[in-house]
Structure formats: structure tokens, C-alpha cells
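A.B. asks: Here it is, the structure, as C-alpha cells.
The values are calculated or read from the model by the stated rules, or taken from the named source; none is laboratory data. Remember, it's a predicted structure, so these values are computed and weren't measured experimentally. Glycine gets a Cβ as well: all are built from the backbone with ideal geometry, and neighbour counts include every protein chain shown.
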Amino acid sequence: MNLPSYRINYRLLFIALILAAFGVRELALEVRPSLLRPGLHLFAYVGNTGDGTISVIDLVKLAPVATVTVGARPSGVRAHPTRPEVWGLSSAGGDVWVLDAASNRIVAQIPVPIEPFALDFSPDGTRAYVAASGSNTVYAIDCASRRVIGRATTGLHPWIAHVTPDGKTLVVSNHDDSTISIFDAGTLALRGVVSVAANPEQIVVLPDSSKAFVTSDALNEISVVDLKQMTLLANLALGGSPNALALKPDGGELYVISTDAHGLIVVNTETNSVAEQFVLLGNSPAAAALTTDAQTLYVTDKASNDVIPVQVGTREVQPPTNDWQWRAPGARRRRACSRREMKCWWWQTADRATSR
């Protein structure tokens, strides 16, 4: 069985941090001084595969503030949606770790053998779900007690566990048997198994929880699955590998960044079709982030270290920038996601903002 690749792409990691810092700077320019008041913190949490630690980076000062040992091969780093905690996995150690964001201390470790790789939370933050690639198992964890409260058998080598927006369904991509498993999120009862394009990995679900879009690591395709009927609707040919996904907030369009095709592919989620217009971007587009008004898509280029703005409505590509003073009108939050090496985004609470 082939286990997940844990190579670190430092250039991509650096670009993702740049994109996160763009969001921080933009936020500061737009709402200063009401947001950047005393006591506010903006942090990024970066997993370091080589030494089993995470680095805590102050995104205001752009300086590291702590290094925390979490266990071998950290992955799946996620900020809890309602608690001041950062959760992640030690893939080699076989456990979930919980970091208190105020003290930067590990406050819990929860065994989830073997090779846990991906983690997701229920929308209300009461549960965490972990896909363990080495044991073909998905675990449910109560976030308050930090105890495993359920487990279920998946397909071969589960890659991603993704909770639907309504919190009722858990979708797991099974990399080595080219299926997705669909579970009841409350009971982990298996509702069905759907065959999809080879080696499924990333999962995006529409806001109404009706459809899942699942990328293939082996083919330049994305599978469309009806989650209510549990049937495959289409395998869409993309013309390039799907490296990163960004879903429009209303769910109407899915933006697929393809590094080897050097551009942006748009999927109409209502008609389950790929738009004819292909948007050529940079040399190696890698990650994408939508503004909250869904007017502009920002794409990082890992070859040039640029951020490329694309106007969503017109598909117009604007000049790239790596100017830290630059900002776009109307954008207040930004999210950047790489394919595997890192995930970086930020969220704001009443007295704290954290990037992960």
C-alpha cells in the first residue's frame, strides 16, 4: 500500500504565507484602528515534517514566536471553528494533538491509529473526524471530552474526511480503490459507496450539501456525485491536473487551479460542465483564494512568487503583484490552500484572530 507523500515544498509554503500576509495587511489597511487594537493576535501555524514540530508565526510582525513539538510528520492542521484551539495530526505517531492557542501548549493527544492524514470538524464544532490512511478507518471525536466516540471502516487508503455544510453527512475519499464512502455524520453508519475517477483526493461540497466534487490524482478529471441519491453524475475532463479548488460562496462555480495546464479551469456546478473559456495564468499556479464578495480570485504562482488577481465575472487577469502595500478593494478575508504541503488561512473571533 502506498502511503501519502510528505514532501515539503518550501517555495510553495513561502508563497502561501505571503498570500496570508496579504490578507492581514489588507485587513489592517481597511479597518484600522478598530481591528488592530491591543490584545489582537494574528498567527499562522505551520507543520514541520522534518522534526515533528509546528512553527507559530506572528503575521503582524512576520516573525516566529514559538516552536511546539507535536509528533512525527504533522499534517491536517486545522483551527477549531468555535474553540480557541488548533488541532492537527501526527501521521507517524498515530494521534490527534490539540494545541491551546493562548499558551501554545499541547493540551491533549488522542490515539487514532494508523497513519491519520486528514481532519475535519462538524459545522457546530462539537465533533472532529479523522481519516486514518493506514488502518482504513474514519474516527469521530467529541471535541469537548477529546475522546473517540465512534469509528467506521472506509475503503482502501482514505485520504480526506469532509463534513457536509449541513453537518449531516461525512464524505471520505478512498485513494486506492477509487471510491468515496458516504456516512451518516451522527452515527457513522455507512449510507453508500460510489465509484469515482481513479485515486480520489480533494473533496468540495456545495453549500446546500447536495453534490460533492472529488478530484482525481491519476487523471485530469473531477467526479461529480449526488449525495442524496449516492450516484455518480459525471466524470468531467479538465485538461489539466486539479491542484487546488476554490468554490464560489453561492456554490455556482468551482475554480480549479491546474499547475501543469498553467491556468484556471471553471466548472459550472449546476450543469456539471466545464466552461469553454480557459484562463491562462502564470508558470506554476498553485493555490487560490476568493474575496468574500466573490469578485476576485487570487492565485499564487510558485515559480515567480507572485500573486495573480483574476476578475471572476469577466475572467480578466490583472497584473501580478508581490508588493506588500498592494490591496484590492472590497476584500476583507482571504484563504490560501495548497494541495498537500500546507494549509494557511485566518479567522477572527471577538478578541483574537488566528491563521492556520
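A.B. asks: Would you call Ala102 farther than 24 Å from Asn235 by Cβ and in a loop (DSSP other than H, G, I, E, B)? Spell out how you get there, then give the answer.
C.D. replies: Numbers: farther than 24 Å from Asn235 by Cβ: yes; in a loop (DSSP other than H, G, I, E, B): yes.
Answer is yes for this residue.
A.B. asks: Name the one entry in Asp95, Asp120 that is modelled with pLDDT of 95 or more, charged (D, E, K, R), over 18 Å from the mean Cα position of the chain (by Cα) and closer than 29 Å to Gly186 by Cβ. Explain how you work it out, then say what you get.
C.D. replies: Values: Asp120 fails: over 18 Å from the mean Cα position of the chain (by Cα).
Of the residues listed, the single one that is modelled with pLDDT of 95 or more, charged (D, E, K, R), over 18 Å from the mean Cα position of the chain (by Cα) and closer than 29 Å to Gly186 by Cβ is Asp95.
A.B. asks: Here is a list: Thr271, Thr292. Which entry is modelled with pLDDT of 95 or more, in a loop (DSSP other than H, G, I, E, B) and of a type in the set (Ser, Thr, Tyr)?
C.D. replies: Being modelled with pLDDT of 95 or more, in a loop (DSSP other than H, G, I, E, B) and of a type in the set (Ser, Thr, Tyr) holds for just one of Thr271, Thr292, which is Thr271.
A.B. asks: Would you confirm, using the coordinates I've provided, whether Gly150 is of a type outside the set (Asp, Glu), surrounded by fewer than 21 Cβ atoms within 10 Å (Cβ to Cβ) and within 16 Å of Ala185 (Cα to Cα)?
C.D. replies: Judged against the criteria, Gly150 is a match.
A.B. asks: Let me ask something else about it. Being of a type in the set (A, V, I, L, M) and touching a Lys or Arg at 6+ places or on another chain (Cβ under 9 Å), is that true of even one residue in segment 212-221?
C.D. replies: Checking segment 212-221: not a single residue is of a type in the set (A, V, I, L, M) and touching a Lys or Arg at 6+ places or on another chain (Cβ under 9 Å).
A.B. asks: Now, a different point. With respect to the numbered conditions (1) under 15 Å from Leu170 (Cβ atoms); (2) without any contact (Cβ under 8 Å) to a residue 40 or more places away in the chain; (3) of a type outside the set (D, E, K, R), which one is the sole condition not fulfilled by Ser90?
C.D. replies: (1)
A.B. asks: Still on this model: Would you check which residues across segment 46-70 are of a type in the set (Gly, Ala, Ser) and either in contact (Cβ under 8 Å) with a residue 40 or more places away in the chain or on the phi > 0 side of the Ramachandran plot (or both) and list them?
C.D. replies: Correct list: Gly47, Gly50, Gly52.
A.B. asks: Right, something else. Collect the residues in segment 243-293 that are among the polar types (S, T, N, Q) and on the phi > 0 side of the Ramachandran plot, keeping them in residue-number order.
C.D. replies: Scanning segment 243-293 gives a single hit, Asn272.
A.B. asks: Here is a further query. Considering only residues that are more than 21 Å from the chain's Cα centre (by Cα) and not in a strand (DSSP E or B), look in segment 216-248 and name the one that is modelled with the lowest pLDDT.
C.D. replies: Gly239
A.B. asks: Looking at Val194, Val225, can you tell me which residue is in contact (Cβ under 8 Å) with a residue 40 or more places away in the chain, crowded, with 20+ Cβ neighbours inside 10 Å and within 29 Å of Ile149 (Cα to Cα)? Give the steps one after another, and end with the answer.
C.D. replies: Values: Val194 fails: in contact (Cβ under 8 Å) with a residue 40 or more places away in the chain.
After applying the criteria, what remains is Val225.
A.B. asks: On to the next question. Pairs please, first residue from segment 71-83 and touching a residue at least 60 places away in the same chain (Cβ under 8 Å), second anywhere and assigned to a strand (DSSP E or B) and among the acidic types (Asp, Glu), Cβ atoms under 9 Å, 6+ apart in sequence or on different chains.
C.D. replies: Filtered contacts from segment 71-83: Arg78/Asp120; Ala79/Glu85.
A.B. asks: In segment 96-130, which residues are farther than 22 Å from Pro165 by Cβ, charged (D, E, K, R) and surrounded by fewer than 21 Cβ atoms within 10 Å (Cβ to Cβ)?
C.D. replies: Answer for segment 96-130, where residues must be farther than 22 Å from Pro165 by Cβ, charged (D, E, K, R) and surrounded by fewer than 21 Cβ atoms within 10 Å (Cβ to Cβ): Asp100, Arg105.
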